[in-house]
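S.K.: Got a structure for you, written out below as structure tokens; questions coming shortly.
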Amino acid sequence: MPKYLYKMLFPLLMLSALFAPAAHAEAKVVVMAFELNDMTNLANAPEELQRIALLSKQFESSLKRLGVNVVPAGAQVATEIEKHSPSYLYDNVGTAVELNRETGADYLVIGVALKPTYLFVYPRLIIVDVKTKSVVMSKAAQLESSWSDENTTIRTADKLAQVVKDRLQALQAGANK
């Protein structure tokens, strides 16, 4: 290719590089910890609370490791959850969006760990599009293991994180068309 073509194309390439990040900016995502919704007679056993805390911590860590742009939840989220049930924000996405408005997030990931029996826990999560206040993904897993089996909890968190990452990528790809 002749040199003059390089001289003409170089400025155009530099300009396109300046505008490309804005078009493909990573979505900001608020990840709210899994809240335990324990329906058993031995509700909120300390061991179960520890397992759900590990699930939440590993899930968020995995998302960050996968490159998801995680931003902190709104200041009033914890207070609102304490006032209501563990599934309150999961069931009331409009309220969840309003509580996280100042974060600038594009999406919310809201989790609830449903424990209907002593035998297993169902970590359930939804992804909410903040602009439309609509659920764009719903996913559940079945966590069957002893409280002391951290590896199963970690693997479950990692698998859920990958599913969320994949869905967020698909949403971003659709938004950038």
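S.K.: Can you tell me which residue in segment 81-106 is nearest to residue 127 (Cα to Cα), limited to those that are of a type in the set (Ser, Thr, Tyr) and part of a helix (DSSP H, G or I)? Break it down into steps so the answer makes sense when it comes.
M.R.: Within segment 81-106, the first condition is being of a type in the set (Ser, Thr, Tyr), and the residues that meet it are 85, 87-88, 90, 95, 103.
Checking which are part of a helix (DSSP H, G or I) leaves us with 88, 90, 95, 103.
Numbers: 88: 15, 90: 10, 95: 14, 103: 16 Å.
By that ranking, first place goes to 90.
S.K.: Further, regarding this structure: Take the residues in segment 114-170 that are charged (D, E, K, R), at pLDDT 95 or above and assigned to a loop (DSSP other than H, G, I, E, B); name whichever of them is nearest to residue 69 (Cα to Cα).
M.R.: Here the answer is 131.
S.K.: Applying the selection to segment 87-113, what residues are over 15 Å from the mean Cα position of the chain (by Cα) and buried (at least 21 other Cβ atoms within 10 Å of the Cβ)? Working first, answer last.
M.R.: Taking segment 87-113 as the starting set, the residues that turn out to be over 15 Å from the mean Cα position of the chain (by Cα) are 87-88, 91-92, 94-95, 98-99, 101-102.
Listed by number, the list holds a single entry, 99.
S.K.: Given (1) assigned to a helix (DSSP H, G or I); (2) closer than 21 Å to residue 54 by Cα; (3) over 14 Å from the mean Cα position of the chain (by Cα); (4) touching a residue at least 12 places away in the same chain (Cβ under 8 Å), where does residue 78 come up short, assuming only one miss?
M.R.: The single condition residue 78 does not satisfy is (4).
S.K.: So residue 37 passes all but one of these: (1) outside any strand (DSSP E or B); (2) out of contact with any Lys or Arg (no Cβ under 6 Å at 6 or more places or on another chain). Which condition number does it fail?
M.R.: Result: residue 37 fails condition (1) only.
S.K.: Would you pick out the residues in segment 62-86 that are out of contact with any Ser or Thr (no Cβ under 7 Å at 6 or more places or on another chain), surrounded by 13 or more Cβ atoms within 10 Å (Cβ to Cβ) and β-branched (Val, Ile, Thr)?
M.R.: 68, 70, 77, 81
Residue-by-condition table, conditions (1) touching a residue at least 60 places away in the same chain (Cβ under 8 Å); (2) under 28 Å from residue 103 (Cβ atoms):
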position	(1), (2)
123	yes, yes
131	no, yes
134	no, yes
139	no, yes
144	no, no
149	no, no
152	no, no
156	yes, yes
159	no, yes
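The values are calculated or read from the model by the stated rules, or taken from the named source; none is laboratory data. Keep in mind the model is a prediction, meaning the values are calculated, not measured. Neighbour counts are summed over all protein chains in view; Cβ atoms, including those assigned to glycine, are modelled from backbone coordinates with ideal geometry.
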